[in-house]
Structures are given as structure tokens and as C-alpha cells.
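Just below is one structure, and these are the notes that go with it.
The values are calculated or read from the model by the stated rules, or taken from the named source; none is laboratory data. Keep in mind that what you see is a predicted model, and the values were worked out from it rather than measured. Cβ atoms come from the backbone with ideal geometry, glycine included; neighbour counts cover every protein chain shown.
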Amino acid sequence: MPAPADLVLTGGPVHTGSPSRSRATTVAVRGERIVAVGHDEVRELIGPRTEVVDLAGKLLIPGFQDAHAHPVGAGLEMGQCDLSGSTTLADYRERIAAYASAHPDAEWITGGGWAMEAFPGGLPTAAELDALVPDRPVYLVNRDHHGAWVNSRALRAAGLDARTPDPSDGRIERAADGTPTGMLQEGAANLVGRLLPPVTREEKIAGLLRAQEHLHSLGVTAWQDAILGDHANLTDPTDAYLACADDGRLTARVVGALWWDRARGTEQIGELLARREAGTRGRLRSTTVKIMQDGVAENGTAALLGPYLDGCGCRSDNSGISFVPPEALKKYVTELDAHGFQVHFHALGDRAVREALDAVEAARGANGWTDTRPHLAHLQVVHPDDIGRFRELGATANMQALWAAHEPQMDELTIPFLGAERSAWQYPFAALLRAGATLAAGSDWPVSSPDPLQGIHVAVNRVLADAPAGTPVFLPEQRIGLGDALAAYTSGSAYVNHLDAETGAIAAGCLADLVVLDRDPFAGPVEEIGSTRVTETFVGGRRVFAR
């Protein structure tokens with residue numbers, strides 16, 4: 001007679017994520033692992049001390065995994081001047097003034113989360129902030145973290161004026177006479193960001209724990225932190241992760257992507273190897289290297305194969321920025337791959353996507369087919385000629401599904417400057433699936449909501465869950481099914497994280513990373529997927545969230 005289970009979940013549908021047995025009704029857990037999946041026969045493992053969870057018709061699924069997020073930064077921002085969740089200048093003014101008043105001793109006013117759509121052309125000004133906070137420097141990153149809104153005190157502190165040249169990896173927005181206007185794009189943000197007071201280890205730990213609690217409430221049991229290291233306005237979270245990994249407060253499973261300093265070359269690989277070894281313990285594994293190859297389309301820094309259009313619909317002289325020269329990228333990725341690193345690319349424009357795939361191809365040619373599982377995140381514009389290369393090269397498509405919808409930033413700041421042809425190549429999830437690519441999914445939180453169910457809703461519907469009635473479907477031919485979208489957020493991201501042998505599915509022997517939803521979205525209309533909520537989350541059989 002087998003020993004009783006510690007935990008049995010029963011009385012509702014179980015979406016196993018396994019092709020051999022897609023549905024069950026009962027799951028038994030002993031210790032950290034699932035020991036049985038089935039129906040009434042599994043209930044024989046209920047003993048006098050077994051905790052029994054009555055699903056009462058609710059759906060049990062594998063834990064969600066976020067393949068691209070910045071949780072520590074998000075957790076820190078939650079405690080700073082938080083402008084997220086709003087798209088109006090009036091609201092920003094109110095929040096900034098209130099925060100500054102509540103923190104009279106703060107040397108700097110920091111935070112972020114504002115949306116470009118709140119400002120003409122996506123460009124806020126220092127004058128707006130000067131009227132609210134004239135006495136201290138202000139530094140507020142935008143929602144996508146590819147730029148910063150600063151006041152005149154901050155510009156003066158950094159010594160920025162009409163004579164200051166743009167850095168090679170960014171742009172200072174200027175008035176007609178060259179005077180900085182208060183918006184700093186990409187690498188230019190660091191001209192001010194490097195002056196910010198350092199964030200303490202204790203503050204980072206608090207941010208991590210705040211973020212982890214929030215992610216568990218959304219059913220996220222594992223993630224890949226897309227930047228471990230010092231980059232512009234992002235604080236290196238490594239010491240916070242290590243502290244929590246050592247003392248058991250890190251309940252999620254985390255893969256850290258070590259930041260590739262694009263101002264340096266292969267001489268940094270020795271440092272990355274040392275950081276991989278030092279940063280792999282407990283539930284943290286620092287086994288990935290993050291290379292940011294381009295910027296974002298809204299500010300014209302995503303790398304495109306052809307020029308952006310200007311405000312009149314004519315070809316401009318700007319095709320975006322490739323942060324790493326393509327030939328150098330091939331060399332770096334080949335050497336990283338040879339050392340067993342996974343490479344996590346930020347590749348948003350079609351030129352950046354092609355350059356990243358070319359680098360993976362070079363690594364495959366030099367090193368053979370290794371199990372490093374490179375992945376390309378964002379994939380806003382993908383040239384049709386490159387769709388099939390993902391499968392051919394074993395490169396995973398890491399999608400941020402929530403972005404594939406009509407909303408002001410897309411309709412006002414992106415489509416007009418991409419043009420009709422390239423706009424039709426955006427977020428080609430269905431085309432990638434048809435071509436045999438592996439799909440993973442992430443949120444890029446705090447750029448956008450970390451709620452996987454909202455992302456799944458958009459992947460299936462190509463419309464935001466809270467979109468006004470009558471909002472058109474965004475490229476409807478790129479919609480994917482609920483099963484495929486759910487797989488991207490579970491088994492697909494588990495594959496990227498090298499956790500697929502033990503997570504991403506509900507099967508005997510797997511770790512008991514489980515999520516209970518308040519309904520079965522497969523049983524209702526797809527238009528209601530976004531109304532689904534998480535009621536319980538388990539990591540290794542331990543309940544880490546209950547609504």
C-alpha cells in the first residue's frame with residue numbers, strides 16, 4: 001500500500017498540459033512532487049493527515065512561468081512614484097505632486113510607469129515637471145523603460161545642454177535651438193540615471209519580496225529575470241536574489257539573465273562565467289546572458305530593415321539602432337554558446353530579429369547543436385523570410401502577447417511610422433506556430449501587466465480584455481488557440497528556463513507547481529478569458545497564495 005499523499009486536489013477539471021492525458025480530475029502530491037494524476041483511483045492516496053483541496057469545478061493547471069520580466073525593478077517602482085495603470089497627464093500631475101509632498105526629504109524624485117500616449121508625439125517636457133517639483137531633480141522612466149522624463153534640475157545636475165552630443169546608443173530630445181526638452185531616449189537616459197542615489201540591498205530585497213508576492217497572486221511560479229547587472233536606470237538585483245535564495249525567502253524558481261555590456265567585448269566573458277557560478281544556488285540559476293540588440297518602435301530606436309516613415313508618411317533617414325554590430329554579435333554569441341550560456345536577445349525590429357537569428361546560426365555552425373536554447377524576446381516586427389528560421393535554428397520565440405492589440409501607443413505612435421506592410425508583420429504568433437517554432441511567453445513587467453491571463457486573452461483574441469466595445473481585432477490571422485497560448489505560458493517558458501523536465505505539466509514525478517483558476521476558460525467563450533482569476537498557487541506542493 002503506497003504512503004498517503006500530503007496534498008490531494010480533486011473535484012474539478014485538471015488541464016495537465018500533457019498530450020498523452022490532457023484532462024484529469026484528481027492530483028496527489030507527496031513532498032514537493034506529484035505522485036499520481038487521474039480520477040477517483042487517486043483518492044485512495046488520501047490519508048488521515050492529507051490536506052484535501054476541493055476544486056469545486058475550478059480548473060487546475062501547471063504553474064505559469066514568465067520568460068521575460070524585471071520583478072525587482074517592478075517591486076521597487078511599486079514603492080516609488082508609481083505612475084503605472086494610468087494614461088492621463090492630469091493623473092500624472094496629481095500623483096507626482098502627492099509623492100513629492102509626502103517625501104520632502106527625498107534627494108531625488110524617482111519612479112515611473114508613464115505612457116507615451118499621454119503626451120503629444122510621446123514626448124513629455126521638463127517644464128511639466130518643473131511646475132510640480134522645482135526644488136529637486138526628478139527622474140521618471142516610461143512604461144517601456146526605454147526612456148526617462150526629467151526636469152530642469154536633473155538636466156543641470158548632469159550638465160546637459162545644447163552642446164551635449166547624443167550618445168551612440170540613445171537620443172536627447174531637443175528644442176529647435178538644441179536645448180534638451182526633458183525626454184531622454186535609450187542610452188541617453190543614463191546621462192542622468194547614473195547620478196541617482198544607489199538603491200540599498202535592503203530596498204532591493206523588499207522590492208523582490210513585494211514583486212514575488214504579486215506574481216504568486218497571479219499564478220506565476222517561475223520566471224526569467226531579463227537583466228541581472230548594471231544597466232542604465234535598472235538596479236542590479238543579484239544580491240537581493242542571493243540573499244533570498246540563501247535564507248529560503250525565494251519561493252519562486254528563477255533564471256537570471258546576466259547583462260551583456262554592449263560597450264565591451266568578449267573580455268567580459270570571464271566575468272560572466274564567474275558570476276554564473278556565484279549566482280547559481282538555491283532556487284536561483286544565473287545561466288543566461290541578455291543581449292539587447294535594439295530599442296523600441298515608439299521612439300524610433302527599434303532596428304528596422306528599412307527606414308521609418310515620418311509624420312507625413314514619407315521615408316525618413318532613421319532605421320533605428322543596432323546596439324551591437326552584427327558581425328561582433330555573431331562572435332559574441334558563438335563564444336557564449338561555446339561556454340554553455342543561453343542567450344536571451346531583446347530583438348524587436350525586423351533587422352534586430354534577423355541579426356539575432358544570424359548570430360544563432362553562426363553559433364550553431366561553429367559549435368554544433370547544443371542545448372543552450374537561445375530565445376528572442378519581443379518580436380514586434382518579423383520579416384516573413386525569417387519566420388521559418390526559428391524552427392530551423394532551434395531559437396524560441398519569446399512573445400509578450402499583451403502588446404498585440406490596438407491601443408493608442410500602437411495606433412498613434414507605431415503603425416503610422418512603420419507603414420502598412422511592416423505593420424502587418426507585427427507579433428506573428430500564429431505564423432511562428434505554423435512554422436514549427438517553440439513559443440514561450442513573458443510580460444516584460446513592469447513594462448506591462450504581469451498577469452498571464454491577460455496576455456493569454458490577447459494571444460487568443462488580439463483585443464485587450466478591457467478594450468472598449470467595437471475595438472477592431474489586431475491582425476486577426478495571427479490569433480492562436482487557448483491551448484497553444486496556455487502552453488506558451490507554462491511548458492514553453494519551462495523549456496526556455498531548462499525546467500521542462502520537472503515543471504510546465506501536471507504529471508507524476510513533476511514538481512507540484514500548480515495553479516487553481518476560478519473557472520475553466522476552455523468551457524466559456526474566448527471573449528471572457530480575461531475575466532479568469534487565480535484562487536490558489538502552489539510551488540513544490542507548498543501554498544504560496546490563496547485568495
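A few notes on this one:
- Of all the listed residues (181, 251), the sole one being out of contact with any Pro (no Cβ under 7 Å at 6 or more places or on another chain), surrounded by 16 or more Cβ atoms within 10 Å (Cβ to Cβ) and in a loop (DSSP other than H, G, I, E, B) is 251.
- Among the residues of segment 217-230, some residue qualifies, meaning at least one is in contact (Cβ under 8 Å) with a residue 24 or more places away in the chain, in contact with a Phe, Trp or Tyr (Cβ under 9 Å, 6 or more places away or on another chain) and assigned to a helix (DSSP H, G or I).
- Test result for residue 393, over 17 Å from residue 301 (Cβ atoms), touching a residue at least 12 places away in the same chain (Cβ under 8 Å), of a type outside the set (Val, Ile, Thr) and crowded, with 24+ Cβ neighbours inside 10 Å: no
- When residues of segment 184-216 are limited to those that are part of a loop (DSSP other than H, G, I, E, B) and aliphatic (A, V, I, L, M), the one nearest to residue 108 (Cα to Cα): 196
- Criterion: outside any helix (DSSP H, G or I), under 17 Å from the mean Cα position of the chain (by Cα) and over 17 Å from residue 143 (Cβ atoms) - qualifying residue of 106, 67: 67
- Taking (1) among the small types (Gly, Ala, Ser); (2) buried (at least 24 other Cβ atoms within 10 Å of the Cβ); (3) in contact with a helix residue (DSSP H, G or I) (Cβ under 7 Å, 6 or more places away or on another chain); (4) more than 20 Å from residue 421 (Cα to Cα) in turn, residue 347 satisfies each apart from (4).
- Failed criterion for residue 438 (all others in (1) out of contact with any strand residue (DSSP E or B) (no Cβ under 6 Å at 6 or more places or on another chain); (2) under 25 Å from residue 497 (Cβ atoms); (3) surrounded by fewer than 24 Cβ atoms within 10 Å (Cβ to Cβ) hold): (1)
- For segment 162-188, taking the residues that are within 20 Å of residue 131 (Cα to Cα) and without any contact (Cβ under 8 Å) to a residue 24 or more places away in the chain, the one that is nearest to the chain's Cα centre (by Cα) is identified as 174.
- Verdict on residue 231 being in the same structural domain as residue 318 (by TED's automatic domain parsing) and surrounded by fewer than 19 Cβ atoms within 10 Å (Cβ to Cβ): no
- Check on residue 206, in contact (Cβ under 8 Å) with a residue 12 or more places away in the chain, in contact with a His (Cβ under 6 Å, 6 or more places away or on another chain) and not acidic (Asp, Glu): no
- Meets criteria (free of Cβ contacts under 8 Å to residues at least 40 places away in the same chain, in contact with an Asp or Glu (Cβ under 8 Å, 6 or more places away or on another chain) and either β-branched (Val, Ile, Thr) or at positive phi (or both)) for residue 122: no
- Criterion (in contact with a helix residue (DSSP H, G or I) (Cβ under 8 Å, 6 or more places away or on another chain) and assigned to a strand (DSSP E or B)) met by exactly one of 8, 72: 8
- For segment 506-532, a tally of residues being out of contact with any Ser or Thr (no Cβ under 7 Å at 6 or more places or on another chain) and within 15 Å of residue 12 (Cβ to Cβ) returns 6.
- Figure legend. Inter-residue proximity from segment 464-476: first residues in the same structural domain as residue 451 (by TED's automatic domain parsing), second residues of a type in the set (D, E, K, R), beta-carbon distance below 8 Å, spacing 6+ or different chains. Indicated pairs: 464/407; 467/407; 473/462; 473/479; 474/462; 475/462; 476/462.
- Qualifying position, being within 24 Å of the chain's Cα centre (by Cα), under 17 Å from residue 215 (Cα atoms) and buried (at least 24 other Cβ atoms within 10 Å of the Cβ), among 455, 540, 492, 530: 455
- Any chance residue 57 is at positive phi, loosely packed, with under 13 Cβ neighbours inside 10 Å and at pLDDT below 95: no
- Filter result for residue 50 (surrounded by 14 or more Cβ atoms within 10 Å (Cβ to Cβ) and touching a Pro at 6+ places or on another chain (Cβ under 7 Å)): yes
- One residue stands out in segment 269-290 among those that are touching a helix residue (DSSP H, G or I) at 6+ places or on another chain (Cβ under 7 Å) and touching a residue at least 60 places away in the same chain (Cβ under 8 Å): the one that is farthest from residue 228 (Cα to Cα), namely 269.
- Selection count, segment 296-312, where residues are touching an Asp or Glu at 6+ places or on another chain (Cβ under 8 Å) and modelled with pLDDT under 95: 4
- Within segment 87-130, considering residues that are touching a strand residue (DSSP E or B) at 6+ places or on another chain (Cβ under 8 Å) and over 19 Å from residue 184 (Cβ atoms), the one surrounded by the fewest Cβ atoms within 10 Å (Cβ to Cβ): 103
- A search for C-beta distances below 7 Å between a residue of segment 131-159 that is under 21 Å from residue 103 (Cα atoms) and not assigned by TED's automatic domain parsing to the domain that holds residue 175 and any residue that is outside any helix (DSSP H, G or I) and among the hydroxyl-bearing types (Ser, Thr, Tyr), counting only pairs 6+ apart in sequence or on different chains, returns nothing.
- Residue in segment 232-243 that is charged (D, E, K, R) and touching a residue at least 60 places away in the same chain (Cβ under 8 Å) present: no
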